[in-house]
Amino acid sequence: MRRLALVVVCAALMAAVPGCRRHKKARIETIEESGPQLSPVINMADPHASVQLLKGFYDIEQNAWRWTKGSFSVTLRPPLSAVQKGATLEVKFAAPDPLIAKVKSFTLAANVNGTAIPGETFSKAGEYKYSKDVPASAFGPDAVTVEFAMDKFLPPGSVDQRELGIVVSSIGLEPK
Amino acid sequence: MNRVHRAVWWTLPSLLCLALYWYGLKCWFAQDDFAWLSLHFDVQDLKGLWRNLFTPMAQGTIRFLSERGFFLLFYWLFGMDALPYRIFVFATQVANLVLLASVARRLTGSRLAGFAAPVLWMANSALATPMAWSSSYNQILCAFFLLLSFHLFLRHIETGRWSYYWWQWAAFLAGFGALELNVVYPALAFSYALLCARRQMLKTLPMFGVSILYAALHRYVAPSATGVYTMYWDRSILQTLRIYTEWTMGTTRLDVVGFEQMKLATFAAWVLVAALAAFVVWKIYRRDLLALFFVSWYVLVLSPLLPLRDHMTTYYVTIPAIGLSMLAAWALAEASRSAIWIRIISFGLAAIYLAAAIPLARAETRWHYDRSHAVRDLMLGAQRAREIHPRQAIVVSGVSNDVFWATFPDGAFRTVGVENIYVSPVAYQRQRIEEHPEIQDITEFFLPSAILLRALDRGDAVVYDAAGGRLRNITTQYSFVLGASKVEEPRFLDVGNPLFSKQLGTGWYPPDGTIRWMGPRAEVRLGGPVATGQSLHLLGHAPQELFQNGTVRLTVDINSRELANFQLGPDNVDFELAVPLPSDLKGTGAISLVLAVSRTWSAQGDGRMISLAFGKIFIR
C-alpha cells in the first residue's frame, strides 16, 4: 500500500513540476495585408482563395478540388482589358460518374453581373473546360459576381447526404 | 518477480498510455474548456470563489474538483498554457492505471491479469476524449476516486485495519467533486461484498445513505430534464445498453478510421461479448462469482446513463469499461494456464480488440489535437489582431464547422480578451457551419452583410482569413467581394452594438453595455421575412420602477400598421416577446418598425426619459 501511495504521490508531483515556472504568454503573429489581391482566377486547391467563394461550394478535397452544389457563385477580379474587349470565362471541372449515371446529362450556365452566358450540355463523365466569351458590357471597374446554375444535379440523399453538382478545380476570367 | 520485472509490470501500462495518447498531451483547449477558463472573471473574493466552486450549473452539476477547482487553480497557476493541465490529467491517469493493476491483481490473484487490465482499459477508444480534452477530466478523476475507494476497501478486507475503511470513505466523499457517477460506488462495494466477501456487506450500507442524499440533492438543484436530457424509462434502455456495449468493444466505431465492412465489425463486437459471457458462465459454473462482480461494475456504472437515450456519448463508457477490462484480463490470465487452443482463441480475441481500439484511439486523439490547435491558431491570432486593431470589429472567414463549435458558442474569445468578433456572413462560410438549434442559436455570431459592409466602409471592421492556419488580413479583398455581392437588410439586430446603429431611427439613447434604452417611441429598420410563418422577436429589459403605477403597454407597428400590443408588468423585467408576421410581408426587402411604450421613467440625476431597453430584435 505504501509503495502504491508513493507511486501516486510521485505522479502528482510530476504533474506539479511545471507549476514552478510562471507561464509565458503564447503569441501568434497575424499576416497583415500588402494590398488588394483579389484574383481573376480561383484555384480551388488554394485555401486562401476561399474568400472569393460566395456560395454553393464544399470544403477542399485531396488538396485539389471542391464539390459544388447545383448552383454556386464566386467573385472575380476582371482582367484589365475586360471593360474594352470583354473576357473569357473558364471553368475547369469534372462531371463525375455518379452524376451522369443519375441525371444522364446536365447543362451548366452562367451569369456575370446580370449578363446571361450561354449554357453547355454535358452527357458523359469526364474532365471538361466550360469556356465562354463574356461581353465587355458585363464588366465595370470593380469585381464581378459570377453565378453558375446546373439544370440537373444530385439532390441530398441520392448519392451523398449533401446536394452535389460538379467537381471544380478552377474558375477564372481570362483576357481576350 | 525481480526488481526489473516489477518495474516493468507497474510502469509499462502507463508508458503505453503515454505513447498511445501522446497527441492528447499536446492538445490545447476547446469547447466547454473556455466556460471553465472564464470562471476566474467572476471570482473577485472568497464569496465569489465559493459561489463558483459550489453553485450547481448546467444540469445541476457541481464537480468542484474535476471542473471548477481544476480550471480555476490551473488558470491561476498557468493561464492559457494548456500543457500543465494535460500533464495533470495524464498524471491522474497514471495513478488510475497503477490502481487498476493493483485491484485486478488482488481480485484475481494473477499478475498477468493485473498487467492486462490497465492495458486493455487504457487502449479502449472511449478514453480518447478524456485523454485529449481537459473538460472531460471528470471521467479520469471519477475513475480515480472509484478505483481508490475500492482499492482501500479491498485493503480493509485483507488487513482488517479500519484506517483503510475510513480512508475509503474519504475517497468516496471526494469523488462527488469529480462526477455525479460517483453515486454508484456503494453499489459497487456492496456488489463485491455480496458476491465475494459476504461478511463485509453491512459495512457498505451506510454509504448508500450518502449516495441517496446526494441523488436527492442533485434532483432538487438540477433543472427538469428536457431535450436531449429527457430520461426514457422504457425498452430504449436495452437499446442504449446494446449500443454502449458495442462501443465498449470498439469495433463498431471503426468507420471513423475508414473501415467499411461494418457488418463484420458488428459481428466482431458480439464475438468479443460472447467470449466474455462464456467466461462468466464458466466461472459461475465453477462457483467463482468474481466474474459477476466485473460484469456488475460495467452495468452499475453505466446504469445512470441508460435512460438518456438521446444523449449518448462515446466517452461515457470510460469508467464502465474498467469492469470489462478486469474481466477480460482475468480471462486471459486463466486462458494462459489452459489448453493451447484456448490460449490461441483468447489472445486472438484480445488482439482483435486491440487492433480495433488502438487505431481508433489514435485517430480520435489526433482529431482532438488538430482541432484544438486550429482553435489555438484562431484565438491567439484574434488576440494579436485585437492588439493591432483595438477598436474595430474582427470578422473571421474560413472557419471550419469543428473550430466554430469549439470556440464561438462557448465564449472562447473572452478568455483571451477579444470581444466584438464575428464569423463572415458570406453564404459559403455560413453554410459550412451546421445548425444545432437544440444546443444554441448561432445567428448572433454572424455579422449581417449590410452591417459589415457599412462597417468596412467606415473602417470599423477588419476581416481575417483563418483558412491557412495563421490569420491573414484580407480586409481589402473581402470588401471587394462583399461590395460585389447582393447585400440584404439585416434580419437580426444587436441593438446595443454600435455597429447596428444605422438600423435604428429616432427615439433611441446611446448604447448602454449590451443594451440600448428607448424613450416613449423608437424606430427600427429590419429586413423583411423570407418565409411565411416567421415571427418578430423582441428581447429586452424593463426597469422595475416603470411599473410603480401598474402595467405599461408596448405597441409594435410595422410599416405603419399595428402588429401587436403587449401588456408588460413586474413579471416582465426581462422579456422575450414574439409575434407572428403577416404573410404579405414575405419577400419585402425592408420593414419599418415603430415601438411605442405608454409610460416612461427617469432615474434621479439622469435626465433621460426611458421606458424599455432592448438587446436583440430579430426575425426568425
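The values are calculated or read from the model by the stated rules, or taken from the named source; none is laboratory data. No experiment lies behind these values; they were computed from the predicted model shown. Here the Cβ is made from the backbone with ideal geometry for all residues, glycine too, and neighbour counts use every protein chain on show. Surface accessibility is based on the protein's heavy atoms, side chains included, excluding ligands, DNA and RNA. Shrake-Rupley method; radii C 1.70, N 1.55, O 1.52, S 1.80 Å.
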Legend entry - Candidate set: the range A:139-155, residues that are within 21 Å of A:G86 (Cβ to Cβ) and among the aromatic types (F, W, Y); chosen: the one farthest from the other protein chains (Cβ to nearest Cβ): A:F148
Inset, instruction - Return the residue satisfying two criteria in turn: it lies in the range B:9-20 and is of a type in the set (A, V, I, L, M) and within 14 Å of chain A (Cβ to nearest Cβ), and of such residues it is most open to solvent (accessible area, probe 1.4 Å). - result: B:L15
Legend entry - Sole exception among (1) away from chain A (no Cβ under 13 Å); (2) farther than 16 Å from B:A329 by Cα for B:D81, by number: (1)
Inset, instruction - Test B:R337 against the stated conditions and say whether it is open to solvent by 50 Å² or more (accessible area, probe 1.4 Å), of a type outside the set (A, V, I, L, M, F, W, C) and over 26 Å from the mean Cα position of the chain (by Cα). - result: yes
Legend entry - Residue that is over 28 Å from B:G60 (Cα atoms), surrounded by fewer than 18 Cβ atoms within 10 Å (Cβ to Cβ) and not charged (D, E, K, R), where the choices are B:A193, B:A170, B:A197: B:A197
Legend entry - Of residues in the range B:371-393 being in contact with a helix residue (DSSP H, G or I) (Cβ under 9 Å, 6 or more places away or on another chain) and farther than 23 Å from B:L25 by Cβ, the one farthest from the other protein chains (Cβ to nearest Cβ): B:A393
Legend entry - Single unsatisfied condition, B:Q567 versus (1) open to solvent by 70 Å² or more (accessible area, probe 1.4 Å); (2) of a type outside the set (A, V, I, L, M); (3) touching a residue at least 24 places away in the same chain (Cβ under 8 Å); (4) part of a strand (DSSP E or B): (3)
Inset, instruction - Mind listing whichever residues of the range B:230-282 are under 16 Å from B:A351 (Cα atoms) and open to solvent by 60 Å² or more (accessible area, probe 1.4 Å)? - result: B:L264, B:F267, B:W270
Inset, instruction - Could you pull out every one of the helices (runs of 4 or more DSSP H) wholly within the range B:301-411 that has 1 or more residues that are within 30 Å of B:R432 (Cα to Cα)? - result: B:340-388, B:401-405
Legend entry - Residue satisfying all of: in the range B:61-74; open to solvent by 50 Å² or more (accessible area, probe 1.4 Å) and in contact with a helix residue (DSSP H, G or I) (Cβ under 7 Å, 6 or more places away or on another chain); farthest from the other protein chains (Cβ to nearest Cβ) among these: B:F64
Inset, instruction - Determine the pairs where a residue that is free of Cβ contacts under 8 Å to residues at least 60 places away in the same chain and in the same structural domain as B:A406 (by TED's automatic domain parsing), located within the range B:367-384, has a partner that is outside any helix (DSSP H, G or I) and aliphatic (A, V, I, L, M) with Cβ atoms under 6 Å apart, the partner being 6 or more residues away or on another chain. - result: B:L380/A:A26; B:L380/A:I28; B:Q383/B:V418
Inset, instruction - Only strands (runs of 3 or more DSSP E) wholly contained in the range A:108-176 count here; list those with 3 or more residues that are touching a residue at least 60 places away in the same chain (Cβ under 8 Å) and either under 22 Å from A:A64 (Cβ atoms) or aromatic (F, W, Y) (or both). - result: A:144-150, A:167-175
Legend entry - B:A132 vs. criteria in a helix (DSSP H, G or I), more than 14 Å from chain A (Cβ to nearest Cβ), in contact with a helix residue (DSSP H, G or I) (Cβ under 9 Å, 6 or more places away or on another chain) and not basic (K, R): no
Legend entry - Residue satisfying condition, being closer than 17 Å to A:I31 by Cβ and within 14 Å of chain A (Cβ to nearest Cβ), within set B:L453, B:L471: B:L471
